[in-house]
Each structure stands twice: as structure tokens, then as C-alpha cells.
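In what follows, a single structure is set out as C-alpha cells and then discussed.
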Amino acid sequence: MSEEASVQERQQVTDEVIQEALRADKGPDASLVSWKFEDFTMKGDNYTCLVTCLVVQYTLGGKLEEATYVAKMRRNIAMDTFASVIQKLVKWEGTCLAEIVPCMNKILKELGHRGIGTAKAYHCVYEKDKEVLLLEDLRSRGFRMYDRKRGMDIPHARLVLQELGRLHAASILLEKSLPEQDITKTWSIFQDMWESTGDTKKMLDGMTASQLEGAAMIMEKVPNYEHVVKWINQVKGSAADVFMENSTSDPTFAVLVHGDCWTNNLLFRYNAAGDPVEVMLVDLQGMRRVSPAVDLNYFLYSSFNGPDRSPNVELFLGVYYTSFCEVLRAANTPVPFTLEELRQEYRRKMEYGCIAGMFVVPIILSEVEDAPDFEGITDDKMEEFAKQRQEVLLKMISREDGLLKPRFLDMFDEMVEAGIIPRHSKGDST
């Protein structure tokens, strides 16, 4: 069953908005005739925005033509703090797609490289309560989603890691081309992504802690994982800080990352044999200037089953690094870190990957009825919402075909092996 926009959300799309997008796409002589919504996403596919399709009829050169666009509309959220964050994120993504990525692509084109794989942004509206992005419909070029419940495999992962490498490298070249050689000074949106105090911080602390409490409840039911439960309970109060600490970076490892690179935010195109041949990065609401290891850990611990991730980490880092270096060397720009230094940085950011996994994996593996309803959250119902989410997690691990428990077990085993989680608490037997 597709997810439909509410009346209020649909009002964000108007004839004027569509006409602007149409002219940006087809030229100034294109004239809007009619349009309609054609919903295609399911509940659980998108959380901060509602995504739908617009089927547009227009005239150009005396002929009646048809085009489709993807509309991303800010959800009607009852909780003021959450609504304010989403309003920022819409502007964030619009700026990235309409301004920053095109600047990167211009540099790449001059080097003889293709542009970063993202949708074109045709028109963006940031006015409060009217926020909407009209984007290229990548389905018209044959791109489609990967099954989010399947773990990512090596052929798909190669494409993603190569594209992340190109994105990160292009951001370095972009920054060097700017007057102050600092992306955060040219685009002020990068300076205040998250508030470190106040209502936003309180909301993030609460949402993150409750999700980790749910993970601890799951692991309490697994024999011999008491050390994992103890670690989760130790870090849950500061988990949101781990995310915000990763919003700044050592200059050696400073790139623009995707920031939310998981299965649902990737579209693939396939050849006649069914092999993936191209990837598109979608949903750039988390793009920020941090370590590339943030993207790598987020992707690997959100979108893989353990047996496909653990033995292939070295391969994955190599694929990423080769792509990263190719872009920089084409521009005669020094590579800021070695492959060994990347390995070490990846290891340093594994705690981030684990916390992201505890937060994201339950969402990825949820059924339609399990998907969280963010629209109904209010400040006074946060505790009730947290309890409901924890009940959903327990229901998910009780299913005979459930994938959540093995995903968690593999992830925590890797964290223990890496020394992120102590094998035994003080006083435990060895």
C-alpha cells in the first residue's frame, strides 16, 4: 500500500512551483497544462519528508508532452522541535543538490570525469510550511531501489563505495577552489546543523537513548551477552553526542559526506543480465563536513549482514580508496591520507557505526506496521513513543524469520573483536 500525502502536505505543491521546475528542466518555452500526484512510496521508506511523484503534462513547440518529477515535501509534524529540525533538513538537502553538487560536477567535468550520481534539483522552496523540493525522477532512467531487508552484496557495495570515494574527493577539490578554501564559510548551513544545547539536543538525546535501550532489551534475551548490555547502557546517555562530535573533523580527514548512506537512500540501474551497473545517491539531508570514515561505518553497519561485511572490510576500504585517489590524482592534488591511515580512521569511528546500526537497522528491517509514526509525536508523548518503539523491537526479534537479532549479534561480535566493547566487565570470569 502506497503512502499518501495529507491535504496540508499536498498544498505545498502548486501550479507556480511546478511551472518553475518545468522551465528549469525543459526550457523557458515549456508551459504547464495539467498535473497530478502519483504516489509510489510505502510507509517506512521515508521519515522526515513525504516523497511522491508528479505526472506533468505540458506544451513545448506546439506539442503536448508529459514528464514526471519527484516531490519531497516536509511532513506535517506536531512536535515543534522536530518540525524545526526537518525544516532545516529540507533546506540542507536543497542547497546540496541545487548548489553544492553542481559545483562539484563542474570541477569533475573539467577533469574529464562524470558528475556525482545524484538527482537534478529543478526547484526548491524553503518558505516555512511550504517546503518542497522538485527533483529529477530517476526511475525514468531505469533506477530502482534495492530491497532494504536484503543485506547489501559485493557488486552493489562496489558501486556505492566508488561513488562515495568520488563524492568525498570532489568535495576536497571544491573546497580548494573556494575563496576561503572552507566549505562551511561559503555555505553557512554547515555551521549549525545540530544545536549542542536546548530543545533539539534534548530531543536527540531522548530519541537516541530510547532506541539504544531497545537494543539492550534485545541483547538481554541472548545468553552470554551481558557485557554488550552493560556497554550499551553505559553509552546510551552520550550516544547523541557521538553523532554531534562527528559533525567536526580533523582537517586530514575532512570531506563532505553523504551522511545517511543506507539502502533506502541508494538507487541502482541494472543491465540486461540483471547486474548493477550504476548507483545514484539520494536524500542528502545529512551531508556535512566530517571524516570519510563516518560514511563508511554508517553504510557498512546499516546495510549489510555480518557474513557479507566482516570478511570484506579490507576489500571495501580498498575499493573506496582507489576511487577517492583517482579523482584527486586527476587534479594533481595530494591525497591527504594513506590506505593504512584510512584503516586506522575507520577503526576509530567504529563506535559511531555501531550506534548508527542500533538506530538504523531496526528501521531498515521493519515491516509496514512496524514503521514509526513521527507525525503524531508531541513533546509530552516522547516517553510513550519510546516505549512503543521498544515494544516493536521486541516483536521484531520474536518473528521466526526475523533478521534483526542476527544483524545485531554480528555487529556486536565485531565490536568486541575490535575492542570497542570490552569482552568482560571488571569482576567477570574469563
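Any read-out appearing in this document is the output of simple, stated calculations on the displayed coordinates, not a laboratory observation. Quick caveat, the model's predicted, so the values are computed rather than measured. Neighbour counts are summed over all protein chains in view; Cβ atoms, including those assigned to glycine, are modelled from backbone coordinates with ideal geometry.
Counting other Cβ atoms within 10 Å as a rough exposure proxy, the listed residues L60, L267, L161 run L60, L267, L161 from fewest neighbours to most. Put in line by how crowded their Cβ is, counting other Cβ atoms within 10 Å and starting with the fewest, I232, I154, I172 read I154, I172, I232.
With each label modelled as a point 7 angstrom along the Cα→C-beta vector, the I154-L315 pair spans 0.2 nm. Think of the chain as having a plus end and a minus end, set by charges on the Cβ of Lys, Arg, Asp and Glu; of A418, F324, F190, F324 sits farthest toward the positive end of this dipole.
Label reach from Q191 (point 7 Å along Cα→C-beta): in the stretch 281-305, amide nitrogens under 18 Å belong to 288-290.
For D199 and D39, what is the calculated FRET efficiency with R₀ set at 30 Å and r taken between the beta-carbons, to the nearest 0.05? In this case the efficiency is close to 0.40.
Each helix, a run of at least 4 DSSP H residues, gives -39500 (n - 2.57); summed and divided by the residues of the chain, these come to -14500 deg cm²/dmol at 222 nm. The ranking of H424, H156 by Cβ neighbour count inside 10 Å, starting from the fewest, reads H424, H156. Separation of the alpha carbons by more than 20 angstrom is noted, of K221/K405; K91/K387; K72/K349; K91/K349, for K91/K387; K72/K349; K91/K349.
Shown here: volume of the Cα convex hull per residue in Å³, derived from the displayed model; of the candidates (1) 160; (2) 121; (3) 192, it corresponds to (1).
Give me log10 I(q)/I(0) at q = 0.12, 0.14, 0.22, 0.26 Å⁻¹ for the stretch 75-148, Debye formula, one equal scatterer per alpha-carbon, no solvent. Cα-only, vacuum Debye calculation for the stretch 75-148: -0.45, -0.60, -1.03, -1.13.
The length gained by stretching the chain between A272 and E226 to full extension, at 0.36 nm per residue less their Cα-Cα distance, is 11.6 nm. Compared with the direct C-alpha span, the chain from D147 to L111 gains 9.5 nm at full extension, assuming 0.36 nm per residue.
Cross-linked pairs K106/K236; K36/K106; K128/K202: Cα-Cα separations exceed 32 Å for K106/K236; K36/K106. Between the stretch 224-291 and the stretch 26-41, the C-alpha centres lie 34 angstrom from each other.
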